[in-house]
């Protein structure tokens, strides 16, 4: 059965009527982050409590996708942005569930579950007031945390699946023209103009044509794509229907890594539901256009996020990239014209079609339109998933949305662009976040990972960490990447252990250049970025390791010692209580001493001392 | 046909033909390790890189794969090209210190010092993939493949066990550019990739020649009677 626009409206009214019958809707975030904090338990307890208390006709409990504030999960939202409860059930599930019910039955807002910024007294009731949400512009994520991702009617009731109707009234050229003029750029990191790619794929000779959605997100600390696939899978499918129609493709694949089981499950369910409504398959929405989507589960190799390696993987071969002298839009999957976009790019498409060009181009900067989803992690107070307009500054993201640096420490750097991105220092914090600005300072937008670091992060160690990741994730096809990354890692490791030589810096830069010029794919070409950008901005830290044989951040164990400054130590014994090795000795209220023989230089004493009496030496 | 230039020399070539072929035909020297005329290109070794200026864009590309286009300027010995080649050779020399081919190439390209600790466990294998492609595309049995990734990548039969499909033909041994693959014959038994093959004895000269298993495979796939194949090439 093919659904018409009227059908969609009927579904919408029926769905809304059903929800309106309830006095209150409670949305329990069931994204992977909240689930690991116990959201499923909260959901089940809440359901049975509602039933037990005879409130089933008054309260509707819903499962939703990621709400973003993962740091404070499990999140439960009451009404539409009315009350945000955080850390629900972290201490006592039954008690917190009771508080949730009382909010409805007694009209009492549960103070204990409200959001409070770190180090501040003020509490927030509505999420709209919380700086973390206030600074966001949620377009792609607008339905994340609102709809039940496993229910297609919910998506339809929130305006879903209307864009294809509009698109089918346009010609293929018109749609591509819109996407081009809208200035949508690839959200997977490349930042290539989506419309131009669609145009090339559409103009390419050969059939069949394929379209692919890249959901292989593999950067450490990134979960934008996962949250989108888990929280709003239909948006990706809707975007792909429009793309398929515009490009002239009847088959789409969504490539998801198998480490994302919830994303795979929710996408599979979404595809099934879309098929049953005639939105996928033969004669989509009665338009005469045939289009279907299948999921391809990847084995979790980071390199398979690279377009040609991804296609190789879908073909059943090992995930090795190839040189793209002939573009994949001409010869991609099975050597046929193939258009690959990131899942976030696909999810942008329905919004552009529905809301028009003027609306879309009004958001963002001149060269980078729209919004971008970031996973904000590291040493900020509010870690989580954010969607912000392009052009927002890094400072706003870190200090307003992110609530600043944890504890008393100072900001040192922010790493953007995933493992092969770069580390950006304080001096560039007022730089607008867009594709070109980030590239100009030696980093990149990447797919949206953002790792904030403070003075307790050693930049040499950070570069070593990413290089180790890339060495292990290199597919090993080309010599520069396979052998070069591991040799770079060896040099970095040597420097971290205090055995570096000053010539190593030039050697690293030389090897880095050879990789940038010589490697086959983006992984190898950008692998030197963490090293090159940290050498560029944090040379002093490298020199401290190499020349002075010390790690200023107190991270590199081999060249770090901790000692207690007698004049500052009050003998509060906080450090000796926390020291896992019992290496801190001394009498109460008298200066303590660290026994170097027992000390494993973990730095816990340094982190817990309230009087800054521990010195890194 | 398209017009392009290599090191300033104007050249006419077929559109889409690989730069390496054109350059070699025109007498320019470009070193390669993973390219083979019969097996084509795979772009692994990055030794054949050249610098290409195309519509104002400068790139360093693998010449074995880059297709000839109208108006491009190619440089086979630019600073960047030399940097990539020298780096590749130094890295390979550290990986395969005993491979004479790499030693010679490195010397030719001025790589005199290796700044890394040489590997002791990789033998002479440079992972050029020629044996894998030969076994698949020419022999047609796909007894070899690559496993692992990154620095752990290696070539061998599936699961490092004697491959069922290996016919013991030794083509991999012949094509290996560094001499990494070892094949031994002793008392009428050939051993390659840990698989043992009984050798056929020629009824005429009574000498051992090819593995029986290989002859049976040829007999089956080419429909040639075994009796004919049992006679060695010298006696046929």
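Please state the Cα pair-distance histogram of the range A:1-46 with 5 angstrom bins from zero: what percent is in each bin?
Bin by bin from 0 Å, the calculated values are 5, 18, 14, 13, 13, 15, 13, 8, 1.
Considering only C-alpha atoms, what is the centroid distance from the range A:2-36 to the range B:191-230, in Å?
71
By per-residue mean of other Cβ atoms within 10 Å, what is the highest-first order of B:183-190, A:266-273, A:88-95?
A:266-273, A:88-95, B:183-190
Take peptides B:18-29, A:131-142, B:217-228 and line them up by average Cβ neighbours within 10 Å, highest first, as a rough protection proxy.
A:131-142, B:18-29, B:217-228
Considering every residue in A:514-526, what mean count of other chain Cβ atoms within 10 Å of its Cβ is obtained?
Per-residue shielding by partner chains comes out at 4.
May I ask for the angle, rounded to the nearest 10°, between helix B:212-222 and the longest principal axis of chain B, with both axes built from Cα atoms and the value confined to 0 to 90°?
70
Return one number: the angle in degrees, 0 to 90 and rounded to the nearest 10, between the long axis of the Cα atoms of helix B:79-95 and the longest principal axis of the Cα atoms of chain B.
Here the helix axis deviates by roughly 30 degrees.
Looking only at other chains, what is the average number of their beta-carbon atoms within 10 angstrom of each beta-carbon in B:44-51?
4
Find the centroid of the Cα atoms in the range B:106-181 and in the range B:53-86, then give the distance between the two in whole Å.
28
Under the definition of partner shielding as Cβ atoms of other protein chains within 10 Å of a residue Cβ, what is the mean value for peptide B:142-153?
Average neighbour count from other chains, rounded to a whole number: 5.
Can you say what percent of the DSSP beta bridges in the protein assembly as shown, counting only those with both residues inside, are antiparallel? Round to 5.
About 70 percent, rounded to the nearest 5.
Would you look at the GNM of chain B, springs on alpha carbons closer than 10 Å, and say which of B:69, B:153, B:124 moves the most?
Comparing B:69, B:153, B:124 in a Gaussian network model of chain B, the most mobile one is B:153.
Per-residue ellipticity at 222 nm for the protein assembly as shown, helices alone: DSSP H runs ≥ 4 residues times -39500 (n - 2.57), over residue total, nearest 500 deg cm²/dmol?
Helix contribution divided over all residues of the protein assembly as shown: -10000 deg cm²/dmol.
Go ahead and run the numbers for FRET between residue A:439 and residue B:103, Cβ-Cβ distance against an R0 of 56 Å, rounding to 0.05.
About 0.90, to the nearest 0.05.
Could you check the simple spin-label distance between residue A:510 and residue A:52, using points 7 Å along Cα→Cβ, in nm with one decimal?
7.2
With a ≥ b ≥ c taken as the square roots of the eigenvalues of the C-alpha gyration tensor of chain A, please select rounded if a/c is under 1.5 and otherwise prolate if a/b is larger than b/c or oblate if it is not?
Oblate is the answer for chain A, as a/c is 1.5 or above yet b/c matches or exceeds a/b.
Can you tell me the length gained on complete extension of the stretch residue A:366 to residue A:44, counting 0.36 nm per residue apart and subtracting the Cα distance?
111.2 nm
Would you work out if the range A:462-521 is rounded, prolate or oblate? Take a ≥ b ≥ c from the square roots of the eigenvalues of the alpha-carbon gyration tensor; rounded if a/c is under 1.5, else prolate when a/b is larger than b/c, oblate otherwise.
Oblate, because a/c is 1.5 or more while a/b does not exceed b/c.
Using the Cα gyration tensor of the range A:280-439, with a ≥ b ≥ c the square roots of its eigenvalues, what is the shape: rounded (a/c below 1.5), prolate (a/b larger than b/c) or oblate (neither)?
prolate
Say each of residue A:567 and residue A:6 gets a label point 7 Å from the Cα, pointing the same way as Cα to Cβ; how far apart are those two points in nm?
It is 8.7 nm.
Using a 10 Å cut-off on Cβ atoms, rank the peptides B:130-140, B:38-48 from the highest mean neighbour count down.
B:38-48, B:130-140
Where a number appears in this text, it was derived from the coordinates with a stated rule and is not lab data. Quick caveat: nothing in here was measured; it's all calculated off a predicted structure. Neighbour counts are summed over all protein chains in view; Cβ atoms, including those assigned to glycine, are modelled from backbone coordinates with ideal geometry.
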